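Read through the structure below, which is laid out as structure tokens, and then see the notes.
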Amino acid sequence: MSHERVSVGRRDPADLDACVRVLAEVHESDGYPVDWPQDPAGWLTPPQSPAEPPAVWVALLDGVVVGHICLSPARPDDAAPGLWSGRTGIGPERTAVVSRLFVSPGARGHGIGALLLAEAVGDARGRGLHPVLDVVTSDRSAAALYERQGWTLMATAEQRWGPERTVQVHCYTAPS
């Protein structure tokens, strides 16, 4: 499989509109995200510590944005960091949460999801953090990607998405 037409790099502010357009395609095609965000650009921009560069990347296919991924610090309501911490005895602050991974339906089959995942994992490890993620149980194609890349399913958990809403998520940990 050839990757010369595909490149992955840090997301530039100018890429954000294209990322929102691709996210809309993915939402229409796959139902991800489950709930369309009121502020899609804000949803695609994770909270960052002021000391770190934004941990957000895009994939380009022939120079066009076709994929996206980001890393975020663990939040108290994230299931995967707590599960990993409970298994290892290392605090959840030593995790990086992989999120907002999507690839345009028309650009699939080029290994783009795997390239984005490798970029985020490499960045997390470079900062001494362990990558974890969660995915809604209905997103079987995403779970299959993570498992093909060697990620381990730790558990299926309930995650609160609002005052009256919980969802089932699969929690994964990156390969050691």
Matching residues in the range 146-158 - criterion: being touching a helix residue (DSSP H, G or I) at 6+ places or on another chain (Cβ under 7 Å) and either of a type in the set (D, E, K, R) or over 17 Å from Gly122 (Cα atoms) (or both)
Met154, Ala155, Ala157
Taking the range 16-42 and keeping residues surrounded by 15 or more Cβ atoms within 10 Å (Cβ to Cβ) and modelled with pLDDT of 95 or more leaves Leu16, Ala18, Cys19, Val20, Val22, Leu23, Glu25, Val26, His27, Pro40
Asp62 versus (1) in contact (Cβ under 8 Å) with a residue 24 or more places away in the chain; (2) at negative phi; (3) of a type in the set (Asp, Glu): which is the lone unmet condition?
(2)
Among (1) in contact with a Pro (Cβ under 7 Å, 6 or more places away or on another chain); (2) open to solvent by 50 Å² or more (accessible area, probe 1.4 Å), the one test that Ala74 misses
(2)
Residue in the range 72-87 that is in a strand (DSSP E or B) and under 23 Å from Leu23 (Cα atoms) present
yes
When both residues are 6+ apart or on different chains and their Cβ atoms are under 8 Å apart, which pairs have a first residue that lies in the range 111-127 and is touching a residue at least 12 places away in the same chain (Cβ under 8 Å) and closer than 13 Å to Leu71 by Cα, and a second that is open to solvent by less than 40 Å² (accessible area, probe 1.4 Å) and part of a helix (DSSP H, G or I)?
Leu117/Leu145; Leu117/Tyr146
Hey, any hits in the range 6-15 for a residue that's within 21 Å of Asp123 (Cα to Cα), among the polar types (S, T, N, Q), surrounded by fewer than 18 Cβ atoms within 10 Å (Cβ to Cβ) and at pLDDT 90 or above?
yes
Between residues in the range 141-158 that are over 11 Å from Ala174 (Cα atoms) and residues that are among the charged types (D, E, K, R), which pairs lie under 8 Å by C-beta distance while being six or more apart or on different chains?
Ser141/Asp30; Ala157/Asp134
Would you call Glu93 open to solvent by 20 Å² or more (accessible area, probe 1.4 Å), part of a helix (DSSP H, G or I) and without any contact (Cβ under 8 Å) to a residue 24 or more places away in the chain?
yes
Scanning the range 134-149 for residues that are among the small types (Gly, Ala, Ser) and more than 12 Å from the chain's Cα centre (by Cα) gives Ser138, Ser141, Ala144
Just checking, does the range 40-52 include any residue being hydroxyl-bearing (Ser, Thr, Tyr) and under 17 Å from the mean Cα position of the chain (by Cα)?
yes
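Would you check which residues across the range 1-23 are closer than 28 Å to Thr166 by Cα and in contact with a Phe, Trp or Tyr (Cβ under 8 Å, 6 or more places away or on another chain) and list them?
Val22, Leu23
The values are calculated or read from the model by the stated rules, or taken from the named source; none is laboratory data. Everything numeric in this text was worked out from a predicted model, so none of it was measured. Cβ atoms come from the backbone with ideal geometry, glycine included; neighbour counts cover every protein chain shown. All accessible areas refer to the heavy atoms of the entire protein, side chains included, with ligands and DNA or RNA removed. Shrake-Rupley method; radii C 1.70, N 1.55, O 1.52, S 1.80 Å.
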